[in-house]
Amino acid sequence: MRKLKSFTIVELCVTLLISGVVIGIAYYAYSLFLYQYKKQEAKSALIREYLLFQKAMQIDMEQAENITDSISSLTFRKVSNETAIYNFANDFIYRNTLSATDSFRIKKTKYYFSTVTGTSDLINEIHIVFDLKPGKLRANFKKIYSAQQVIEHDSE
């Protein structure tokens, strides 16, 4: 009788075991990579939101004729009689103008401001502390008023 060349059942089982281990390791590496990617993507999205907020706030600060405070919001009055109002909620910051409403998904832990010396409500510095996981970020915005702007504000 002729002997057929073939694999034994033990050889096939060893091959299946080794391929199963390799596939398991590859799946674990893929899921770990995917987790790290999603975590980094969320962090990048948060930083993009912060940068958009920072740019909008800086432009509004530069264009504002005066900045005043009301309960949990800041009002930027521009030369063109347009206003930009920033409302600070727990997990969002809303920016309202005549033409658009923007929302920024960044969590602020606190914000405070300082006023021009000799005035009670003319804001020249805004300090905001953001909770950007894993740490906190401090943002400082400054407005420099001319003497004429301060005098006009006092006369109102």
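For the stretch 145-156, the candidate set comprises residues that are of a type outside the set (S, T, N, Q) and in contact (Cβ under 8 Å) with a residue 12 or more places away in the chain; within that set, the residue that is surrounded by the fewest Cβ atoms within 10 Å (Cβ to Cβ) is 154.
Residues in the stretch 84-102 that are hydroxyl-bearing (Ser, Thr, Tyr) and surrounded by fewer than 15 Cβ atoms within 10 Å (Cβ to Cβ) were compared, and the one that is nearest to residue 144 (Cα to Cα) is 94.
Within the stretch 114-129, not a single residue is within 18 Å of residue 46 (Cβ to Cβ), touching a Leu at 6+ places or on another chain (Cβ under 8 Å), assigned to a strand (DSSP E or B) and not aliphatic (A, V, I, L, M). Can you find even one residue in the stretch 31-50 that is in contact with an Asp or Glu (Cβ under 9 Å, 6 or more places away or on another chain), more than 16 Å from residue 132 (Cα to Cα), in a helix (DSSP H, G or I) and not aliphatic (A, V, I, L, M)? Checked the stretch 31-50: no residue is in contact with an Asp or Glu (Cβ under 9 Å, 6 or more places away or on another chain), more than 16 Å from residue 132 (Cα to Cα), in a helix (DSSP H, G or I) and not aliphatic (A, V, I, L, M). State all residues of the stretch 122-144 that are under 30 Å from residue 155 (Cα atoms) and surrounded by 14 or more Cβ atoms within 10 Å (Cβ to Cβ); if no residue qualifies, say none. 122, 123, 124, 125, 126, 127, 128, 141, 143 - these are the residues of the stretch 122-144 that are under 30 Å from residue 155 (Cα atoms) and surrounded by 14 or more Cβ atoms within 10 Å (Cβ to Cβ). Just one residue in the set 68, 83, 75 is under 20 Å from residue 102 (Cα atoms), touching a residue at least 24 places away in the same chain (Cβ under 8 Å) and touching a strand residue (DSSP E or B) at 6+ places or on another chain (Cβ under 6 Å); that residue is 68.
Just the residues that are small (Gly, Ala, Ser) and within 17 Å of the chain's Cα centre (by Cα), please, taken from the stretch 104-138. Of everything in the stretch 104-138, just one residue is small (Gly, Ala, Ser) and within 17 Å of the chain's Cα centre (by Cα), namely 135.
Only the coordinates and a few stated rules stand behind these numbers; no lab work does. Not measured: the values here are computed from a predicted model. Neighbour counts are summed over all protein chains in view; Cβ atoms, including those assigned to glycine, are modelled from backbone coordinates with ideal geometry.
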